[in-house]
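Input: a single structure, listed below in structure tokens.
The values are calculated or read from the model by the stated rules, or taken from the named source; none is laboratory data. Computed from a predicted model, the values in this text were never measured in an experiment. Reconstructed Cβ throughout: ideal geometry from the backbone, glycine too, with neighbour counts over all protein chains shown.
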Amino acid sequence: MTEEPCQCPDCQRFYREHDRLIREFPTLKQQQELNWASIQSFRTLCGKVTEELQKRLAYGDDKARQSSEVGNTCTNEELEVAINELENINAYLYSIEALMERIFDIKVSDNIEANFKEIAGEIAPDPLNIDRLILNRLFHQTPDFPDRKN
């Protein structure tokens, strides 16, 4: 029995994003840079939100809200919990960053990068490619397709 991928909207969105990232960044170097930028943007955003929440906690909601575009009111306890969680996230992101630095030490030849591109095309083909669209249409029209459930 084959295991079918989850069809919930969140998983489907993940699968589409996963495949898009492979298609648009099909080399080792591009994946390294993409992941580095992703971690850095995550850290920047979490850090800035943590600072804003700390201001709100330190100066009181009213004064901090005047200097912030965030208009949500939270209790001090909610702010403290959120700040602690965001600080934990930032600590984890620093750890990931340290591991990522090791990944950047790895370089491969152009021949190997070509393998990355070839395999990326196989595992995440362009869903709008005409051959892919025809194949998908055929699969959906075939009543005796082995994995199809009636």
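Asp62 passes every criterion in (1) modelled with pLDDT of 90 or more; (2) loosely packed, with under 12 Cβ neighbours inside 10 Å apart from (1). Of all the residues that make up the stretch 1-59, how many are among the aliphatic types (A, V, I, L, M), surrounded by 13 or more Cβ atoms within 10 Å (Cβ to Cβ) and over 20 Å from Arg102 (Cβ atoms)? Qualifying residue count for the region: 5. Among the residues making up the stretch 1-52, a single one is among the β-branched types (Val, Ile, Thr) and without any contact (Cβ under 8 Å) to a residue 12 or more places away in the chain: Thr44. For the stretch 87-108, indicate whether the set of residues that are under 23 Å from the mean Cα position of the chain (by Cα), exposed (fewer than 12 other Cβ atoms within 10 Å of the Cβ), modelled with pLDDT of 85 or more and polar (S, T, N, Q) is non-empty. Taking every residue of the stretch 87-108 in turn, at least one turns out to be under 23 Å from the mean Cα position of the chain (by Cα), exposed (fewer than 12 other Cβ atoms within 10 Å of the Cβ), modelled with pLDDT of 85 or more and polar (S, T, N, Q).
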